[in-house]
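Worksheet for the structure shown next.
All of the numbers you see were taken from the coordinates with simple rules; none came from a lab. For clarity, every value in this text was computed on a predicted model and none was experimentally measured. Note that we place each Cβ from the backbone using ideal geometry, even for glycine, and neighbour counts take in every protein chain shown.
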Amino acid sequence: VCGLWIEPIQGEAGVYVPQEGYLKAAEELCKKHRVLLMMDEIQTGIARTGKMLASDHEGVRPDVLILGKALSGGVFPISLVLADDEIMLVIKPGEHGSTFGGNPLASVVVVAALQVIKDEKLAENAERLGIVFRNRMNAFMKKSKMIKLVRGKGLLNAIVINDTPESDTAWNICLKFAENGLLAKPTHGNIIRLAPPLVITEEQIHECCDIIEKCVGV
């Protein structure tokens, strides 16, 4: 085994949050056996989970970090791979190329987007409003037979519908959401993923919850 490649929170699988201590234990095992710890934070990174990186929740520093999408605030397509020189310089000049690598415009956009996230405290906003959302949904879950589970971190959350993964229930509920002004995406037949803009307000979070409760019903 030369490397362990993981998402700190599984996004497409349905927003599966590992138990506390899992990432730290993985890091320690990798260090013990000289295995590279590689983290894909394309979905979880850049303030989405309430920290700049999801791995920051446990103070984990991966050997290789992959970022994308949110890096530019949605303004410009960009992704990147970060690693220390000990790893990155294994690739010698001329051994690897990239048609659009090192794009100067994309780099400037990223710097500006990261500054906005820092100045406007969007990670802190995600942390606080994620708690508001999950508290509201957990309270609703006690009254609704349709919701089986609510999970997530920051503003990356999922609602598990009380149906089978093979069903189209989550998709149909998302269509109802859209008709009422809320966009969400099913990841499986019975899981709805919600990842609102980091600039969302508490008032808007409650408006989203109102729509969810109206469409899902009790």
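Give the distance, in whole Å, between the Cα centre of region 175-203 and the Cα centre of region 3-82.
A separation of 23 Å, based on Cα centres.
Place +1 on the Cβ of every Lys and Arg and -1 on the Cβ of every Asp and Glu in the chain, take the dipole about the Cα centre, and give the residue among T49, H96, G3 whose Cα lies farthest towards its positive end.
T49
Could you work out how far helix 22-32 tilts from the main Cα principal axis of the chain, as a 0 to 90 degree angle to the nearest 10?
Taking Cα atoms only, the helix is inclined about 20 degrees.
As I understand it, the value is the acute angle between the Cα axis of helix 122-141 and the longest principal axis of the Cα atoms of the chain; what does it come to in degrees, rounded to 10?
Once rounded, one gets 30 degrees.
Going by the alpha-carbon gyration tensor, a ≥ b ≥ c the square roots of its eigenvalues, is region 122-216 rounded (a/c under 1.5) or, if a/c is not under 1.5, prolate (a/b greater than b/c) versus oblate? Can you show the working numbers first?
Numbers: a/c = 1.65, a/b = 1.55, b/c = 1.06.
It is prolate, given that a/c is not under 1.5 and a/b is the larger ratio.
Taking the Cα centre of region 1-109 as origin and charging only Cβ (+1 Lys, Arg; -1 Asp, Glu), how large is the dipole, in debye to the nearest 20? Please list the in-between numbers first.
On the way: 9 positive and 14 negative charges, 15 e Å.
It works out to roughly 80 debye.
In debye to the nearest 20, how big a dipole does region 122-216 give about its Cα centre with +1 on each Lys and Arg Cβ and -1 on each Asp and Glu Cβ? Intermediate results must be reported in sequence, preceding the final value.
Values: 13 positive and 11 negative charges, 74 e Å.
In total the dipole reaches around 360 debye.
List the aspartates and glutamates whose Cα sits under 19 Å from the Cα of K142, skipping any in the same chain fewer than 8 residues away.
D163, D210, E213
Charges only on Cβ, +1 for Lys and Arg, -1 for Asp and Glu: so what's the dipole of the chain about the Cα centre, in debye to the nearest 20? Intermediate values should be presented prior to the final figure.
On the way: 24 positive and 27 negative charges, 112 e Å.
Roughly 540 debye for the chain.
Subtracting the Cα-Cα distance from 0.36 nm times the residue separation, let me have the gained length for K121 to L149 in nm, one decimal. Mind showing how you got there, number by number?
On the way: separation 28, 0.36 × 28 = 10.08 nm, distance 2.90 nm.
Between K121 and L149, full extension yields an extra 7.2 nm.
Figure the gain on full extension for T201 and E12 (residue separation times 0.36 nm, minus the Cα-Cα span) and round it to one decimal in nm.
Taking 0.36 nm per residue and subtracting the Cα distance, the gain is 65.5 nm.
What is the sum of charges, Lys and Arg at +1 and Asp and Glu at -1, for the other residues whose Cβ falls under 15 Å from the Cβ of T187?
Values: positive: K148, R151, K185, R193; negative: E7, E12, D163, E166, D168.
Residues near T187 contribute -1 overall.
For the chain, build the charge dipole from Cβ charges (+1 Lys, Arg; -1 Asp, Glu) around the Cα centre, then report which of L198, P18, A83 sits farthest towards its positive end.
Checking the options against the dipole of the chain, the answer is P18.
Beyond 31 Å between alpha-carbons counts as too far, so tell me which of K69/K92; K51/K185; K24/K69; K31/K92; K51/K92; K92/K185 fall in that bin.
Working: K69/K92 27 Å; K51/K185 23 Å; K24/K69 26 Å; K31/K92 25 Å; K51/K92 34 Å; K92/K185 42 Å.
Those over the limit are K51/K92; K92/K185.
Give me a comma-separated list of calculated 3J(HN,Hα) values for region 177-194, in order, Karplus coefficients 6.51, -1.76, 1.60 applied at θ = phi - 60°, integers in Hz, x for any Gly or Pro.
3, 4, 5, 9, x, 10, 9, 8, 10, x, 9, 8, x, 10, 10, 10, 9, 10
Cα atoms only, region 3-119: Rg and Dmax in Å?
Final numbers for Rg and Dmax: 15.2, 42 Å.
If I fit a long axis through the Cα atoms of helix 104-119 and take the longest principal axis of the Cα atoms of the chain, what angle between them do I get, 0 to 90°, rounded to 10?
Once rounded, the angle reads 50 degrees.
Could you point to the label whose value was computed as percent of Cα pairs over 28 Å apart for the structure here, given (i) 28; (ii) 37; (iii) 22?
Calculated percent of Cα pairs over 28 Å apart: the matching label is (ii).
If you take every DSSP beta bridge whose two residues both sit in region 3-119, what share of them, in percent to the nearest 5, is antiparallel? Present the calculation step by step, with values, prior to reporting the outcome.
Numbers: 6 of 13 bridges.
Of those bridges, close to 45 percent are antiparallel.
Using 0.36 nm times the number of residues separating L89 and V75, minus their current alpha carbon distance, what extension gain do you get?
On the way: separation 14, 0.36 × 14 = 5.04 nm, distance 3.03 nm.
Extending this stretch completely gives an extra 2.0 nm.
Karplus couplings for region 9-20 from phi (6.51 cos²θ - 1.76 cosθ + 1.60, θ = phi - 60°), rounded to Hz, Gly and Pro as x?
9, 6, x, 5, 5, x, 6, 8, 9, x, 5, 4
Grab the DSSP H runs of the chain that are 4 residues or longer, score each as -39,500 (n - 2.57), total them, divide by all residues and round the 222 nm result to the nearest 500 deg cm²/dmol.
Working: 6 runs with 77 residues, N = 218.
Only helices count here, giving -11000 deg cm²/dmol.
In a shell of Cβ-Cβ distance under 11 Å around R134, excluding R134 itself, what net charge do Lys and Arg (+1) and Asp and Glu (-1) give?
On the way: positive: R136, R151, K153; negative: none.
Result for the local shell: +3.
Just flag the trypsin sites (Lys or Arg not before Pro) in region 16-123 sitting in loop per DSSP whose Cβ has no more than 15 other Cβ atoms within 10 Å.
Details: sites: K24, K31, K32, R34, R48, K51, K69, K118, K121; in loops: R34, R48, K51, K121.
Sites meeting the loop and neighbour criteria: R34, K121.
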